[in-house]
Amino acid sequence: MGWRMYEADSLDDLRGILGDCTRCQLCRSRANVVFGSGNPEARLMFVGEGPGRAEDAQGLPFVGPAGKLLDEMLTSIGLRRQDVYIANVVKCRPPGNRDPLPVEIETCSPFLEQQIKLIKPEIVCELGRVAASLMMDRQIQITKVHGQRFIGPGYYNVPVFHPAAALRAASNLDLLKQDFQSLKKYLEEEQAPPEPPEAEPEQMGLF
Ligand code: SF4
């Protein structure tokens, strides 16, 4: 698929490679690059679409109202922020919180790919349609697949509603709560993650 890889030995190395990134146009309107944060050896990793206003201002993922809800969901299954890792598909805020453009996703997602390779989570939980569609390499309707576990390349994908969507509709919030209970069950099952793909350079792109 022609993804450019950024090989790094650690998340710190990768953050250094990302630097004060100007690889796509989102650099022009951002305040801060939001690399991601959490446990570098997390069993459970969350992937959102991109930073919002609060995240852009603070340089941290999911720190606004949606982040507060994410914290509540984590607490409901006995986890804390420091137990998981949270990152986004694009590391800079799209203006007006629009969806990231395909070229922006293509440019930035190799960094997410490397984060996943370094963290080696058992489960990647996609928060919302954009992240789920990228990670599962097809157009995803969250309403149809949320909370289900799908085999990915070396981990399971579990797409759920974006917390912001859950804040907008009580019905989505109920489903998000249920899906976090499913995440808890999946983690408790300790089912071995699927095998990663063979290291063939032209197929290394996860997305
Ligand atoms: S979105 Fe990603 S590729 Fe684009 S400027 Fe930000 S860090 Fe760089």
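With both bridge residues required to lie in segment 11-188, what share of the DSSP beta bridges run antiparallel, to the nearest 5%? About 25 percent, rounded to the nearest 5. Annotation: the residues Y6, Y85, sorted from fewest to most other C-beta atoms within 10 Å of their own C-beta, follow the order Y6, Y85.
Note on I151, I105, I77, I86: ascending count of other Cβ atoms within 10 Å places them as I151, I77, I105, I86, the fewest first.
For segment 60-112, compute the orientation-averaged projected area of the C-alpha convex hull (one quarter of its surface), in nm².
4.3 nm²
Shown in residue order for segment 6-15 are the 3J(HN,Hα) couplings computed by the Karplus curve 6.51 cos²θ - 1.76 cosθ + 1.60 at θ = phi - 60°: 10, 6, 9, 8, 8, 5, 5, 4, 5, 4 Hz (x for Gly and Pro). All C-alpha pair distances within the chain, sorted into 10 Å bins from zero, spread as 9, 38, 39, 13, 0 percent across the bins.
Pairs of Lys residues in segment 11-188 are counted when their Cα atoms are under 22 angstrom apart and they lie 8 or more places apart or on different chains; the count is 11.
Once you sort the root eigenvalues of the Cα gyration tensor of segment 86-204 as a ≥ b ≥ c, which label holds: rounded (a/c under 1.5), prolate (a/b larger than b/c) or oblate (the other case)? Since a/c reaches 1.5 but b/c is at least a/b, the shape of segment 86-204 is classed as oblate.
Run lengths n ≥ 4 of DSSP H only: what is the helix-derived mean residue ellipticity at 222 nm for the chain, with -39500 (n - 2.57) per run over all residues, to the nearest 500? Write out the running numbers ahead of the final one.
Working: 8 runs with 82 residues, N = 207.
Estimated from H runs of four or more residues: -11500 deg cm²/dmol.
Taking amide H as placed 1.01 Å from N in the peptide plane, N88 has its amide H under 5 Å from the amide H of G48, each at least 5 places away in sequence or on another chain. Remark on C125: its backbone amide H falls under 5 Å from those of M45, F46, V47, V158, a criterion applied only to residues 5 or more positions apart or on other chains, H modelled at 1.01 Å from N. In this structure, E7 and K68 have a Cβ-Cβ separation that, at R0 = 35 Å, corresponds to a calculated FRET efficiency of about 0.50.
The numbers here are math on the coordinates, done by the rules we state, and not lab data. As the structure is a prediction and not an experimental result, all values here were calculated from the model. For neighbour counting, all protein chains shown are included, and Cβ atoms are generated from backbone atoms with ideal geometry for every residue, glycine included.
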